[in-house]
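Engineer: First the structure, then my questions, so here it is.
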């Protein structure tokens, strides 16, 4: 590590303003590889608006150093952070990048961790979680030659070197809504949201629109577990279970829950009531127990991993752009899972809808009508 | 033990008489004159020794897990002893200094205030929401916010003081409970009344404080490595933290009040005999402790976030206990220990980049704490025994003289 850092330092001196290699194999070529140096220069220049990017191909960029700043929790949380981690792993294996990962232990770690990655020469640097906003604003403004991305994050007046990675959750929700309407025998389904914030409302809006596109008279229940800022909303499976049990008893047979860890409550209720639950963010069938798997119809997948990969690839090919990036069905940023095979009979219909959304024939609303 | 008549004697002499039960002399001397050469040296030496012993134990752990401890410590020092990281350590130490003083005030009165965590959150929350409602000139506004934080923190710790004095509830239990209640109260108040959504950000906060309530940056260090620049700022609240330490020293160690406080904390029954109401001392110490604790969240609030939000910092209260223990409740010790804690936190990121487990920092902190307690206990016993022997010898002298 120390040796490679040394080599990296030499390369940095040799070509000012460029990301140097840190892994040994790359280092051999980095002294002689003039073309890659030029590419590096272009990369840095793409942060200036109006400059056209370089033309490097997507694969094996010399000396790409990806920095990942996890929020508290980090890898191993089973959903969000792990998904970002998978993206980083793919960047490593596909683009040949070095990946530096830092995990925050407290709120006080966020800014120092971004600063440390910046000082370490990582570029781009991806902050995983909206709580990084304040810290990122300061670090990014001070480092115009480093590119940053923030998953789910957003703040006003951002500098052009910051990309906000957001997801067209309404599109994926539209598909699982359609699936729910197609599979519901009672014409009665439900939606449980976490915090009542605009982000989660897009899940609700897509779900309702998707269901109604199949069955205009379907009965749809809807409830949130907490107000905006109420972090308990993501960790209250008890509350979700209570609501879900009530709805199942009242005749609903499918409930979609977009509430992080609270979703486990809906799955538990579905098992008890012998009904269906729809998961969120990652394919929850894969992490569920066997008796639960039989009750997970599908999951609305939010591909944090592909967002991380795409933005890194953009950077590597010199086409990194700041601002809000929306990952949707077209880029596989969102989608639905088919594990368990419960949607096999309606898969063709769903894929047709998916194609219509991608082509723009169906425009999914982001606000509940 | 013969007790002099308190009413006819000046208080200090009276208590000194009471608090001088033969062999405990040395401890009393250390309490009254904590800056006397020997005891400070011993305390310092034992704390430093504890840190080194902890490093050896943690090094063995690293060795067992297949990492090179020398290399790890080398990386720690290499990364940590840079201007950027040292200022970061200071920035991280600021809230810990304040929290540790709050804990130390309690310790001096023989109270274990575990509630600093809740008190600082309550202080920060009310400072944020009340401070955002008013408009005044800059120095006044900052002062106002500081006072609100202190009142809120003191009010919260006051509940524990009331429960202890009036209902006999142990303050450890009361403050632990109050920590948990503080979180719920804050969440409820924030969610129901103080959310302020200004943009599309998911990071919802309370209404931001007007600029007049912001604490300026004291200075910024910058380090350029190639293409990237590292900035680290130090918020001027560090000056207030140092002021708090000085005031703590003056009030607790140098004032008549501090004398009574420590006397009462050392031996409540004896102090009561000397006319010091221990109930009153408990209430006053708890309120002071809470008021100081209320300040701990302000470096973050006034220097960085300027609003309260669920992505708030935490752990100052619990780390404050550790820092107070490591610093032996001594003003200088607290500053040194807080800086050590800040230093360890600041090297956590470089360690992760070097593929070393960041948990080594946590392990180090924990082992340092345990070692400090053990080493101090051992040293304390040694010192007590030596003093006892000496006192015995001194007592023997006059007898010998008479005999001669």
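Read-outs throughout are calculated quantities, based only on the coordinates presented, and are distinct from any laboratory measurement. Given the structure is predicted, the values throughout are model-derived calculations rather than measurements. Here the Cβ positions follow ideal geometry from the backbone for every residue, glycine too, while neighbour counts run over all protein chains shown.
Engineer: As I understand it, the value is the acute angle between the Cα axis of helix B:359-403 and the longest principal axis of the Cα atoms of chain B; what does it come to in degrees, rounded to 10?
Structural biologist: Rounded to the nearest ten degrees, it is 20.
Engineer: Relative to the longest principal Cα axis of chain B, at what angle does helix B:116-131 sit, 0 to 90 degrees, rounded to 10?
Structural biologist: 50 degrees
Engineer: From the Cα gyration tensor of the range B:57-107, with a ≥ b ≥ c the square roots of its eigenvalues, which class applies: rounded if a/c is under 1.5, or else prolate if a/b is larger than b/c, or else oblate?
Structural biologist: oblate
Engineer: Divide the volume of the convex hull of the Cα atoms of chain B by its number of residues and quote the answer in cubic angstrom per residue.
Structural biologist: Per-residue hull volume (Cα only) is 177 Å³.
Engineer: For A:358, B:105, B:335, which order do you get if you count the other beta carbons within 10 Å of each Cβ and list the fewest first?
Structural biologist: A:358, B:335, B:105
Engineer: Also: Within the range B:323-352, list the residues whose amide N lies under 15 Å from a label point set 7 Å along Cα→Cβ of residue B:57.
Structural biologist: B:326
Engineer: Whole percent per 10 Å bin, from 0 to the bin with the longest distance: what is P(r) over all C-alpha pairs of the range B:202-270?
Structural biologist: With 10 Å bins starting at 0, P(r) equals 15, 21, 23, 20, 15, 5, 1.
Engineer: For the range A:202-354, evaluate the Debye formula with one uniform point scatterer on each Cα (no solvent term) and list log10 I(q)/I(0) at q = 0.10, 0.11, 0.12 Å⁻¹, rounded to two decimals.
Structural biologist: -0.41, -0.49, -0.58
Engineer: Next up: Give me D for the range B:96-326 in µm² s⁻¹, whole number, from Stokes-Einstein with Rh from the Kirkwood sum over alpha-carbon pairs, 20 °C and 1.002 mPa s.
Structural biologist: Once the numbers are plugged in, D ends up at 116 µm²/s.
Engineer: Also, quick follow-up: Obtain the nm distance between the two label points defined at residue B:180 and residue A:319 by a simple spin-label model: each point lies 7 Å from its Cα along the Cα-to-C-beta direction.
Structural biologist: Between residue B:180 and residue A:319, the label points sit 5.4 nm apart.
Engineer: If I model a spin label at residue A:347 and residue A:198 as a point 7 Å from the Cα along the Cα→Cβ vector, what separation in nanometres do I get?
Structural biologist: Going by the 7 Å Cα→Cβ label model, 3.7 nm.
Engineer: Say R0 is 60 Å: what FRET efficiency, to the nearest 0.05, do residue B:332 and residue A:338 get from their beta-carbon distance?
Structural biologist: It comes to 0.35.
Engineer: List B:334, B:276, A:200 from most exposed to least, where exposure is judged by having the fewest other Cβ atoms within 10 Å.
Structural biologist: Ranked by crowding around the Cβ, least crowded first: B:276, A:200, B:334.
Engineer: Using a basic spin-label model with each label point 7 Å from the Cα along Cα→Cβ, how many nm lie between residue B:211 and residue A:291?
Structural biologist: The answer from the label model is 6.2 nm.
Engineer: Then there's this: Could you work out how far helix B:83-108 tilts from the main Cα principal axis of chain B, as a 0 to 90 degree angle to the nearest 10?
Structural biologist: 40 degrees
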